[in-house]
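Report on one structure; see the data block that follows.
Please treat every number below as a calculation from the coordinates, not as lab data. These figures come from a predicted structure and were not determined experimentally. Quick reminder, even Gly has a Cβ in these numbers, built from the backbone with ideal geometry, and neighbours come from all protein chains shown.
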Amino acid sequence: MRLMHPFSPFVTEEIWQKLPKPPQLPGSLMITVFPRADPSWVDTEAEGEMRLLQEVAVACRMLKQTYGVSPAQSTDVEIRVARADQRAVIERHLGVIERAAKVAAKVSADLAAATPAGSAKAVVGGELEIVMPLGGLIDVAAERTRIAKDIAKAEKEISVLEKKLSNADFLARAPEDVVAEQGARLAEEKSRRQRLVDALATLSAGAAAVAGAPS
C-alpha cells in the first residue's frame with residue numbers, strides 16, 4: 001500500500017483504513033514512512049538471467065512482426081548460443097521464452113551452422129542467434145510486396161525527420177525534449193528500415209534458392 005500510495009492515493013488510503021494494523025502504526029497511510037530499499041534484496045545474477053530471457057523472447061516476437069507472422073501463431077525457432085553459461089540459463093528456462101513468444105524452441109551451440117534457405121534470423125548481443133524457418137508460415141510473394149511498401153514508408157518518414165532535424169530554426173525554437181524525441185524517432189525508423197531491408201533480402205534469397213533447386 002505504501003509503494004502504491006503516490007500513484008493511487010484514494011484507493012490505497014481506503015484499503016489502509018480497512019486493514020488490521022498494529023497500534024503503533026499511524027491512522028493514515030499518508031503519514032507513514034515510505035519503504036526503504038534494502039541492498040540485500042538485489043540479485044544481480046537473477047536480473048542478468050531475466051534480461052537474457054527477455055531479449056530472446058523479444059527477438060522472437062520481433063521476427064514474427066517483421067515477417068507478418070501472427071503473434072498468436074506458434075512457430076518453431078532454433079536458439080543458437082555460443083556461451084555455455086547463457087545456454088544453460090536458456091535451457092533451464094526455455095518454457096518461459098516459449099510461453100512469452102509463442103514458439104517451440106530448441107537450443108544449440110553451433111553459431112557457424114548454415115541458416116536454412118527461407119529462414120529468418122535475428123542476432124542478440126553478438127553471441128546468440130535466433131533462426132525461424134518461414135516455410136508454410138507466410139505467402140512469400142505477398143510478404144515481399146508488403147515489406148517493400150513498408151520500406152518506402154520508413155524511408156519517407158526518415159526523410160521528413162532528417163529534414164526537420166537539419167532545420168536550424170526548428171532546433172533553435174523547439175524544447176530540448178522535443179528535439180530529443182524527434183532524434184529518437186529517427187533512430188527507431190532507421191533501425192526499422194534496416195530490419196525490413198534484411199527481411200526482404202532473406203525472402204528474396206529464399207525464393208531464389210527454391211527456384212534454383214532441382215525438381
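Assorted remarks:
- Check on Asp110, in a strand (DSSP E or B) and touching a residue at least 12 places away in the same chain (Cβ under 8 Å): no
- Test result for Glu91, under 25 Å from Asp198 (Cα atoms), among the acidic types (Asp, Glu) and in contact with a strand residue (DSSP E or B) (Cβ under 6 Å, 6 or more places away or on another chain): no
- Residues satisfying the stated conditions in region 36-76, i.e. in contact (Cβ under 8 Å) with a residue 40 or more places away in the chain and among the charged types (D, E, K, R): Glu49, Glu55, Arg61, Lys64, Asp76
- Of all residues in region 142-173 being of a type in the set (Val, Ile, Thr) and without any contact (Cβ under 8 Å) to a residue 24 or more places away in the chain, the one that is surrounded by the most Cβ atoms within 10 Å (Cβ to Cβ): Val160
- Residues within region 78-102 that are of a type in the set (A, V, I, L, M), farther than 11 Å from Val56 by Cα and in contact with a Leu (Cβ under 9 Å, 6 or more places away or on another chain), tallied: 2
- Residues (part of a strand (DSSP E or B), β-branched (Val, Ile, Thr) and surrounded by 20 or more Cβ atoms within 10 Å (Cβ to Cβ)) located in region 89-107: Val103
- The set of residues in region 1-32 being touching a Pro at 6+ places or on another chain (Cβ under 9 Å) and exposed (fewer than 12 other Cβ atoms within 10 Å of the Cβ) consists of Leu3 alone.
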